[in-house]
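The values are calculated or read from the model by the stated rules, or taken from the named source; none is laboratory data. Just so we're clear, the structure is a prediction, and the values are computed from it rather than from any experiment. So basically every Cβ, Gly included, is an ideal-geometry build from the backbone, and we count neighbours across all protein chains shown. Ligands, DNA and RNA are excluded from the accessible area calculation, which covers all protein heavy atoms including side chains. Shrake-Rupley method; radii C 1.70, N 1.55, O 1.52, S 1.80 Å.
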Amino acid sequence: MDHIFSVRRKPPKGIDSFYLLDNSLICTISSTNVIAFTTNTKIEENNIRTYGSHVYVADLNTPWLAHRVYSSPHLVTVLQWDFTAELLLLADECGHIRIYKSKDHLLNDWQLFSETSLDGEHILAAAFFHSGKKICLNLEKKESSSYTEKFQNVKFSCSVKKFGSRPCNGALILTTTGMLAAILLPHPTSQSQSMIVATESLAATRIQIKTADICYGKNGHFLLAVSNGETSTPIQCFNVAVTKGDEKCNIISQSLPSFFLSDDGKDIDHFKNIKAYISHIKWVMREDADSLVVAACYDGGSYLQAWELHEKTFPVHELLAGSEPKYYNTVIWQYQSNFQHNHKVVSLATSKLTILNNVSSNYIVAAFADNSIHCLNRDSLKILASTSLHIVPANDEPLYRKPRTIPDILHIDMSWLGNILLVIDVDGFVHMFKLLPQIDNLIPLSVPYATTILEYCLITGLDWLDLLLVLRPTMLDALCDRLTESFNKQTPATQQFFYLQYLCIKTSLYRLSSQGHNKAIDLTLFLMLQSISTAFKSLLRPSETSSHEKSPADSLTSVINEGQGDVDKVLMNLEAKEFTVEPYTLQSLQQLIQWVADLALNLLVKLPDSRPTAMKPYELVKDVKALNTLREMLVLIRIWGLLRPACLPVFTKSDATLDVLSLLFRLLSRLIQNVNEPDDLLIDECLLLPSQVQIQPLQQQSNRVVLASPQLAQQILPLQLEFQNEPDCLASNNDLYGGQTVDSIRHLYLGRCPRVVKQCVRCGGSAGTVPVTRTAAIRAWDQRWSRSCQCGGLWRMQVYS
């Protein structure tokens, strides 16, 4: 459990800042590894005048770039992400519930999506409705090479169904007075509908609740465990179902078996004598859980107890059973194990995701008042690993702030893949720790386990950044090879479906390696080439007289595979009508067409420097699939140039009669015949290219300062970071920067110092915010990247003064 980083705030101003310490800060991590946390003063103005409850979000790759979403004079008690990480629910001690959504998918621009209020209610817990999608690793076929056999869809019902059994979006809210509220959210694209709110009592009568937790049942219901904090009263469990009618929703709550914390064989008055109180309740799993962990604190320390639901058979009394004995089955709570510590529990964290279905593989993380963090086995509560949070005072921190009489750790949360632990302390500092693997947590992180997790992310679409942050540099080459080998064993249909996501994962792995910079660039170029190829082919429409057995794109691929080296002869074997596109549309694609031609030139110029090596690293110039895709694009450009000459790429040539497109196609056709050992004549022609045509270098992203970089492995951990300040120690020297900012999506020059750009938080790529020619084709291209960058990273608006 290594301490990776700490993000601190600027020292507060004034003697009164000592009283700004609070014990109600919370944090949470989304499925896209975006963190949300609260502070009691603004990060930008750390003084008494900004005292309140402020909610910030930041990407885990750049945690120092925090953006304030909301500020409230009331204490925010609940932060909850939905499964897609698009919605963030905030609830406070006065009953105000606000749901925010990022505007135009920008990480640092949020807008209010919906709000409601339960006046006078203290919100204690909340959970978004389950979508009904659940994919788990099949333990019996864990070693299978096929993704469809290795990962299986588990039968799981969505929480609320609407017309057509589609999942409904919304949230379930629980208050300290035992009130349940169900919120049904309108569709994001709908403007007329408003949210539907229904309330109901959790129990037969309203009860006081001090701590609670919510998990999802496999039949679409919710499981709630609640306690009023007293050990003399039982920990109650409820089955809650939410149904949707025409314009309303209904809540049905049913009691389940409950248990007393003292029913573990000890003296029944033991907890009463030591004046213990129940401080935390957590379901061991978030989905279909049958186990609870309960924390009880007292002046001398705390107890952690694990309880599990078991099915038990009871005989029916002979007066009711008749002549033959009868039995009935029921479920009861059974005590499992106990863990005792000499300090109070301050926070608990359990797994959000069940990678292995119904297998005791997850663990529990507990933080205590002495700043110790223990990773415990979910069944036996034995310590698997432990660490402590050591806060190093800043040099300019006032002396009166250094002694502490209250707990430093306030809240912890686990990432969805279970690789890292997020910690927030009493000063609003954010810390990150490395965790044990969720599967086989008795051994360190291994290449087979990391490969399985990356494959799981490939299938489910989950973000894998938290895994990148805990990988050892020595694992990267073996991990890339194993992932490539596994992917190549899939069926062609499976490979085609997941290919772009697979390229994104491999590119992110190469970016972690100090020797993988060129490989990452090549894969990024290939990813863009694949995307442009898909966009161009989607414009093709078969003619009425053509054969319907093959689409125009399939016909083009078949002709390209014949190996013809003359582009004009290739055109003779194609149906011209099938490749006709409106001239206005072609003109709007000129910047993409130019990029394809520049890529072909740059690859051929690099060919003389490419030498065969024993390790055979990935090079785009040796990828036959990429070269054939490039040849297909050159054929399309040739055809479209006949329809609209203005859309052709522009070249600066030494000989005005030189046909550059024909030359590029001929050289690429010769190259694919033997990519590993090209003939000397081809090498000579490639050497002559710079003297025949001016080569425009492909601009790469500017220097990026992120955690997931080769520089992280060279630092002494934990890193000491500061909000709103980029750390110099993580600056990369490999990325090229030619002084011009280039739009990595539209491939346009944005100028030397553009005032406003969109910037990716993962790869550092930039994109313009001013719309260009709005044809249907270019609009579809822009919308393809509106949600995220080509590498999968989120966008944030960057303003330069």
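Over segment 60-132, with the other protein chains present, what is the accessible area per residue in square angstrom, probe 1.4 angstrom?
That works out to 34 Å² per residue.
Which value, in Å² and to the nearest 10, is the accessible area of Phe651 when all protein chains are kept and the probe is 1.4 Å?
40 Å²
Where in segment 482-512 does the label zone of Asn138 land, with the point 7 angstrom along Cα→C-beta and an amide N cut-off under 15 Å?
Residues 490-491 fall inside that zone.
Using only the Cα atoms of the chain, each taken as one equal point scatterer with no solvent, compute I(q) by the Debye sum, divide by I(0), and report log10 of the ratio at q = 0.06, 0.08 Å⁻¹.
One equal scatterer on each Cα of the chain leads to -0.45, -0.77.
Once phi is turned into θ = phi - 60°, what whole-Hz ³J(HN,Hα) does the Karplus curve with 6.51, -1.76 and 1.60 give for every residue of segment 107-112, x standing for Gly and Pro?
5, 10, 8, 10, 9, 6
Excluding same-chain residues fewer than 8 positions from Lys577, which lysines have a Cα within less than 20 Å of its Cα?
Lys537, Lys550, Lys569
For Gln340 and Tyr749 in the same chain, what is the full-extension length gain: residue separation times 0.36 nm, less their Cα-Cα distance, in nm?
Result: 141.0 nm gained on full extension.
Can you give the FRET efficiency to the nearest 0.05 for Ser145 and Lys653, using r as the Cβ-Cβ distance and R₀ = 56 Å?
0.65
Scan around Val705 for amide H atoms under 5 Å from its own, H built in the peptide plane at 1.01 Å from N, and keep only partners 5 or more places away or cross-chain.
So Val705 has HN proximity to no qualifying residue.
Between helix 624-643 and the chain, what is the angle of the helix's C-alpha long axis to the longest principal axis, kept within 0 to 90° and rounded to the nearest 10?
60 degrees
Using a 1.4 angstrom probe with every protein chain in place, what is the largest-first accessible-area order of Asp59, Asp370, Asp684?
These residues rank, largest area first, as Asp684, Asp370, Asp59.
Can you list residues from other chains, or at least 5 along the same chain, whose modelled amide H is less than 5 Å from the amide H of Thr175?
Close amide H contacts, sequence-distant or interchain: Leu124.
Among the listed pairs Lys218/Lys282; Lys133/Lys244; Lys134/Lys162; Lys155/Lys382; Lys282/Lys758, which have their C-alpha atoms separated by more than 29 angstrom in this model?
Lys155/Lys382; Lys282/Lys758
Any idea of the accessible area per residue across segment 416-464, 1.4 Å probe, to the nearest Å²?
Per-residue value: 21 Å².
Run the accessible area of the chain with a 1.4 Å probe and give the carbon-and-sulfur part as a rounded percent.
Ligands and nucleic acids excluded, carbon and sulfur reach 50 percent.
Tell me the angle of helix 492-512 to the major Cα principal axis of the chain, expressed in degrees between 0 and 90 and rounded to the nearest ten.
So the inclination is approximately 80 degrees.
May I ask you to derive the relative contact order of segment 31-170, considering only C-alpha pairs under 8 Å and at least 6 residues apart, and to give it as an integer percent?
For segment 31-170, the relative contact order is 15 percent.
5 Å is the cut-off here: which amide hydrogens, built 1.01 Å from N in the peptide plane, fall below it relative to Ser388, excluding neighbours closer than 5 in sequence?
Ile373
Compute the accessible area per residue over segment 275-319, keeping the other protein chains in place, probe 1.4 Å, unit Å².
Averaged over the residues of segment 275-319, the accessible area is 42 Å².
Taking the Cβ-Cβ separation of Asp566 and Leu356 as r and a Förster radius of 56 Å, what is the calculated FRET efficiency to the nearest 0.05?
Efficiency, from the Cβ-Cβ distance: 0.50.
Going by alpha carbons, how many degrees (0 to 90, nearest 10) lie between the helix axis of 660-671 and the longest principal axis of the chain?
Around 70 degrees separate the two axes.
Report ³J(HN,Hα) in whole Hz for each residue of segment 716-721, in order, from the Karplus equation J = 6.51 cos²θ - 1.76 cosθ + 1.60 where θ = phi - 60°; Gly and Pro get x.
Those phi angles translate into 8, 8, x, 5, 9, 10 Hz.
Give me the Debye-computed log₁₀ of I(q)/I(0) at q = 0.19 Å⁻¹ for segment 47-205, equal point scatterers on Cα only, no solvent, two decimals.
Listed by q, the Debye log ratios stand at -1.23.
Can you give me the solvent accessible area of Lys142 with a 1.4 Å probe, rounded to the nearest 10 Å²?
So the heavy atoms of Lys142 present about 50 Å² to solvent.
If I stretch the segment between Ser662 and Ser388 completely, what's the gain in nm (0.36 nm per residue apart, minus their alpha carbon distance), one decimal?
Additional length available on full extension: 92.1 nm.
Only bridges with both residues in segment 216-352 count here: give the DSSP antiparallel percent, nearest 5.
Percentage antiparallel, nearest 5: 95.
Top to bottom by accessible area (1.4 Å), largest first, where do Leu648, Leu60 land?
Result, largest first: Leu648, Leu60.
For segment 126-251, just run the numbers: alpha carbon Rg, then divide by 2.2 N^0.38 Å, N being how many residues it has.
In units of the 2.2 N^0.38 Å rule of thumb, it is 1.29.
Can you give me the solvent accessible area of His96 with a 1.4 Å probe, rounded to the nearest 10 Å²?
His96 exposes around 70 Å² with every protein chain in place.
Can you give the three extents of the C-alpha atoms in segment 249-379 along their principal axes, from longest to shortest, in whole Å?
Each principal axis gives a Cα extent; for segment 249-379 these are 62, 40, 34 Å.
Given the Cα-Cα distance of Lys275 and Asp481 and 0.36 nm per residue of separation, how much length would full extension add, in nm?
Gain in length upon complete extension: 68.4 nm.
What FRET efficiency comes out for Ser380 versus Ser538 if R0 is 60 angstrom and r is the Cβ-Cβ distance? Round to the nearest 0.05.
According to the calculation, E is roughly 0.60.
Using heavy-atom solvent-accessible surface (probe 1.4 Å) with all chains present, what is the largest-first order of Thr769, Thr205, Thr387?
The ordering from most to least exposed comes out as Thr205, Thr769, Thr387.
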